[in-house]
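What follows is a short report on a single structure.
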Amino acid sequence: MNKQTLSRYKKITLDGLIFQNPTFMLVLGTCPTLGLISSAMSAAGMGLTVLVVLTLSNILISALRKVIPNAVRIPCYIVIIATLVTFARMLLEKFLPDLYDSLGGFLALIVVNCIILGRAEAFANKNTVPQAAVDGIANGLGFTVALTLMGIICEFLGKGSLFGLQIMEFKIGMLAKPAGAFLVYGICIAVFVYVIDCFERARRVKANKLARENLLKEGA
């Protein structure tokens, strides 16, 4: 694997995890985000389910991209995603019934999740299978980490527990409700974007400094 290929995979990974994070930067998948982050376990469960479905759908759509007619590509994507979601629901109901019950109707909504359809249309149908797989994993992990982080905050502060285990008596009840979840989501987006902006400014300053140093060396 050459340097250019490695750089391409690095960019795909960093975009999915950080610079184009589907939850904090693109604000996609808001419905399950606000509905499930009152519980860290439910948030993590939804995130991991989306990760698996997203990765597999990316792989299948990329592999079939040359045989899927352009005129019916969106319906084909939905059929592929719906099939994967059906299998995921069956497996969760069989082996993780408590998690299946906690996710409720949000599982079915994965079929029309903007993250999965968005990556299928914007990336998987235009790139190779390995690149599509990395993109699916990176975006899925970005979504999972974001949901789990907010789930931990909401559950810990709103219920005084963590992954169902009671930690403290003090609690802010509002944070365990949809209004509190919306507030936490907004704050997390603001903090995330601020950190990314600081990083980008620092990177530009460093790049400009190196450029000036190189000009001075050439002048000398």
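Tell me whether region 127-138 contains one or more residues that are among the aliphatic types (A, V, I, L, M) and either more than 23 Å from Ile12 (Cα to Cα) or touching a Cys at 6+ places or on another chain (Cβ under 7 Å) (or both). No, the conditions are met nowhere in region 127-138.
Checked against the criterion of being small (Gly, Ala, Ser) and surrounded by fewer than 19 Cβ atoms within 10 Å (Cβ to Cβ), region 165-174 contains one or more residues that satisfy it.
Identification of helices (runs of 4 or more DSSP H) wholly contained in region 44-138 with 3 or more residues that are of a type in the set (Gly, Ala, Ser) and in contact with a Pro (Cβ under 6 Å, 6 or more places away or on another chain) yields no element. Screening Asn139, Asn113, Asn127 for residues that are touching a residue at least 24 places away in the same chain (Cβ under 8 Å) and either open to solvent by 60 Å² or more (accessible area, probe 1.4 Å) or over 17 Å from the mean Cα position of the chain (by Cα) (or both) leaves exactly one candidate, Asn127.
The combined condition, being modelled with pLDDT of 95 or more and among the β-branched types (Val, Ile, Thr), is fulfilled by Ile137. Note on region 195-220: residues that are exposed (fewer than 10 other Cβ atoms within 10 Å of the Cβ) and acidic (Asp, Glu) total 1. Remark: pairs (first residue in region 179-191, without any contact (Cβ under 8 Å) to a residue 60 or more places away in the chain and open to solvent by 40 Å² or more (accessible area, probe 1.4 Å); second residue not in a helix (DSSP H, G or I) and not charged (D, E, K, R); Cβ separation under 9 Å; 6+ apart in sequence or on different chains) = Val191/Phe24. For region 31-54, the condition holds for at least one residue, the condition being that it is open to solvent by 20 Å² or more (accessible area, probe 1.4 Å) and among the β-branched types (Val, Ile, Thr).
The values are calculated or read from the model by the stated rules, or taken from the named source; none is laboratory data. Everything numeric in this text was worked out from a predicted model, so none of it was measured. Positions of Cβ are generated from backbone atoms using ideal geometry, with glycine treated the same way; all protein chains shown enter the neighbour counts. Please note that ligands, DNA and RNA were not included when accessible areas were found on the heavy atoms of the full protein model with its side chains. Shrake-Rupley method; radii C 1.70, N 1.55, O 1.52, S 1.80 Å.
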